[in-house]
Amino acid sequence: MKLFVGLGNPGSKYARNRHNIGFMAVDRIAADHGFSPWKSKFQAEIAEGRLSDERVLLIKPQTFMNRSGKAVGETMRFYKLDSTDVTVFHDELDLAPGKVRVKAGGGHAGHNGLRSIHEHISPAYDRVRLGIGHPGRKELVSPYVLSDFAKADSEWLEEVLRGVSDGAAYLAKDEGGKFMNAVALRSAPPRSSKKTEPAASERAPAKSPEPATDDRSLMQKLLDKFR
């Protein structure tokens, strides 16, 4: 079994916050892949299903961000899982909006949700870092992550969530490269290499044929005129 953890804060007040993009990611996976309805257990909302041939449990801790690790640790111990069976989806200030990266282990970089998970299960778990960009100054970080995505973010956010869902089965099989390819196909679709014929209205008007050059002398032209 794999444990996919989305990080966020519970309640409608926070639902569209940048900090809740982890919740959004697992919600999309659950909806697209026919997971069970969400239910309350282990101080979290959980949904169970399958991705490819792998049994997967999705969880959204309901303990607020800075205590996320408590719910993750409780769930992991109940199902007798190792920390390496856990993948956490979280917002990432150090990535531009729309960028996604997979990472195995490492530090928490000051992210309170990851910090809590470190304390409860160790740093040896996988992460899907979902870029939201940085506001520019440290003192602006808290209001920035706790504010809603702007309307201008809607398009890239939708494509990222669709890409994450498309590639979720690869994550369940520990195929991070294929997961990243699935995300890239949504967020940066390849351009066609075929050259299309321009529409008739866009074509340049055809040039009239150049008149033939008359090389006759003036005398020859006069003679030819009176023939």
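The values are calculated or read from the model by the stated rules, or taken from the named source; none is laboratory data. All values derive from a computational prediction rather than experimental measurement. Cβ atoms come from the backbone with ideal geometry, glycine included; neighbour counts cover every protein chain shown. Surface accessibility is based on the protein's heavy atoms, side chains included, excluding ligands, DNA and RNA. Shrake-Rupley method; radii C 1.70, N 1.55, O 1.52, S 1.80 Å.
Summary table
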read-out: Test: residue in the range 7-22 that is surrounded by fewer than 22 Cβ atoms within 10 Å (Cβ to Cβ), touching a Ser or Thr at 6+ places or on another chain (Cβ under 9 Å) and in a strand (DSSP E or B); value: yes
read-out: Tally, over the range 112-134, of residues that are of a type in the set (Asp, Glu) and either within 21 Å of residue 14 (Cβ to Cβ) or part of a helix (DSSP H, G or I) (or both); value: 1
read-out: Any hit, the range 37-56, residues being modelled with pLDDT under 95, among the acidic types (Asp, Glu) and open to solvent by 20 Å² or more (accessible area, probe 1.4 Å); value: yes
read-out: Residues satisfying the stated conditions in the range 80-91, i.e. among the hydroxyl-bearing types (Ser, Thr, Tyr) and within 22 Å of the chain's Cα centre (by Cα); value: 87
read-out: Candidate set from the range 59-79 (those that are among the β-branched types (Val, Ile, Thr) and buried (at least 21 other Cβ atoms within 10 Å of the Cβ)); member that is nearest to the chain's Cα centre (by Cα); value: 59
read-out: Filtered residue count, the range 135-169, keeping only those that are outside any loop (DSSP other than H, G, I, E, B) and surrounded by 16 or more Cβ atoms within 10 Å (Cβ to Cβ); value: 16
read-out: Residue 116 vs. criteria in contact with a helix residue (DSSP H, G or I) (Cβ under 9 Å, 6 or more places away or on another chain), buried (at least 18 other Cβ atoms within 10 Å of the Cβ) and over 27 Å from residue 32 (Cα atoms); value: yes
read-out: Residue within the range 50-58 that is more than 24 Å from the chain's Cα centre (by Cα) and either outside any strand (DSSP E or B) or among the acidic types (Asp, Glu) (or both) present; value: no
read-out: Hits in the range 86-111 (condition: buried (at least 17 other Cβ atoms within 10 Å of the Cβ) and not in a strand (DSSP E or B)); value: 93, 97, 98, 99, 111
read-out: Count of the range 126-185 residues which are touching a residue at least 12 places away in the same chain (Cβ under 8 Å), of a type in the set (Gly, Ala, Ser) and closer than 30 Å to residue 85 by Cβ; value: 10
